[in-house]
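Enquirer: So that we are looking at the same thing, I have put the structure below in structure tokens.
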Amino acid sequence: MSNDFAHRVALDRIRDGERIDLIADEAERSAVAERLRLDRIERFEAHVALSRDGQSVRATGRISARLDQRCVVTGEPVAAHIDEPFDIAFVPEPPPGKPDEEVELGEGDLDVIFHDGASIDLGSALADTLALSLDPYPRSAGAEAALKEAGVLSEEEAGPFAALAQLKRKMEGGEA
């Protein structure tokens, strides 16, 4: 969590049902790209609806981005388009518990961000949402050829069914 796309919203200024459109400027896109180790982010924007219940704020909407990632095989740029919904709950920081106390999180608690009681950092939460939306293993068009040239077997060639097919050919008198 950094201030690369920091858009703090004061709790006392949030109206239930408020809509916010955030569009990252060049400096913000550059900072987010550096943090996420991306070549560039051409566009990053979010359309947000805020609802408030006491000290809890819920942000729902969509992020969209056009960016370049690096192919995990060749290192070549891979263009990506992100268009993802989000649902984030901002809640007050819980009181300190016992040091050995475990906290159970349910499925609905996964997109919970604590706030300081004065404001929420909507921009940083959206940058984190973008990070989670990225393809963890982007591949360029030349990735398969580069892997084959390096002698890396595809999943079909190296998987358990490939081993069985090879064994079957051996048993039938064919070559492996």
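Enquirer: Looking only at the range 1-23, which residues are in contact (Cβ under 8 Å) with a residue 24 or more places away in the chain and of a type in the set (A, V, I, L, M, F, W, C)?
Expert: Answer for the range 1-23, where residues must be in contact (Cβ under 8 Å) with a residue 24 or more places away in the chain and of a type in the set (A, V, I, L, M, F, W, C): Met1, Phe5, Ala6, Val9, Ala10, Leu11, Ile14, Ile20, Leu22.
Enquirer: Please find, within the range 1-51, the residue that is most open to solvent (accessible area, probe 1.4 Å) out of those that are in a strand (DSSP E or B) and of a type in the set (Val, Ile, Thr).
Expert: In the first step, residues of the range 1-51 are kept if they are in a strand (DSSP E or B); the result is 8-10, 18-23, 40-51.
This time we only want the ones that are of a type in the set (Val, Ile, Thr), so: 9, 20, 23, 41, 48.
Details: Val9: 25, Ile20: 30, Ile23: 115, Ile41: 13, Val48: 6 Å².
It comes out as Ile23.
Enquirer: Let me ask you something else. Could you say which residue among Pro136, Pro99, Pro95 is modelled with pLDDT of 85 or more and assigned to a loop (DSSP other than H, G, I, E, B)? Please lay out each step first, then the result.
Expert: Working: Pro99 fails: modelled with pLDDT of 85 or more; Pro95 fails: modelled with pLDDT of 85 or more.
So the residue among Pro136, Pro99, Pro95 that is modelled with pLDDT of 85 or more and assigned to a loop (DSSP other than H, G, I, E, B) is Pro136.
Enquirer: Just need a number here: residues in the range 34-46 that are at pLDDT below 95 and either of a type in the set (A, V, I, L, M) or in contact with a strand residue (DSSP E or B) (Cβ under 6 Å, 6 or more places away or on another chain) (or both). Full working, then the answer.
Expert: Step one: of the range 34-46, the residues at pLDDT below 95 are 34-40.
Filter again for either of a type in the set (A, V, I, L, M) or in contact with a strand residue (DSSP E or B) (Cβ under 6 Å, 6 or more places away or on another chain) (or both), leaving 36, 38-40.
Qualifying residue count for the region: 4.
Enquirer: From the set of residues in the range 73-91 that are in contact (Cβ under 8 Å) with a residue 60 or more places away in the chain and more than 18 Å from Ala33 (Cα to Cα), which is surrounded by the most Cβ atoms within 10 Å (Cβ to Cβ)?
Expert: Restricting attention to the range 73-91, the residues satisfying the condition of being in contact (Cβ under 8 Å) with a residue 60 or more places away in the chain are 73-74, 76-78.
With more than 18 Å from Ala33 (Cα to Cα) added as a condition, the list becomes 73-74.
Values: Val73: 18, Thr74: 16.
The selected residue is Val73.
The values are calculated or read from the model by the stated rules, or taken from the named source; none is laboratory data. Only a predicted model underlies this, so the values are computations on that prediction, with no experimental measurement involved. So basically every Cβ, Gly included, is an ideal-geometry build from the backbone, and we count neighbours across all protein chains shown. Protein only, heavy atoms only, side chains kept; ligands, DNA and RNA dropped before computing areas. Shrake-Rupley method; radii C 1.70, N 1.55, O 1.52, S 1.80 Å.
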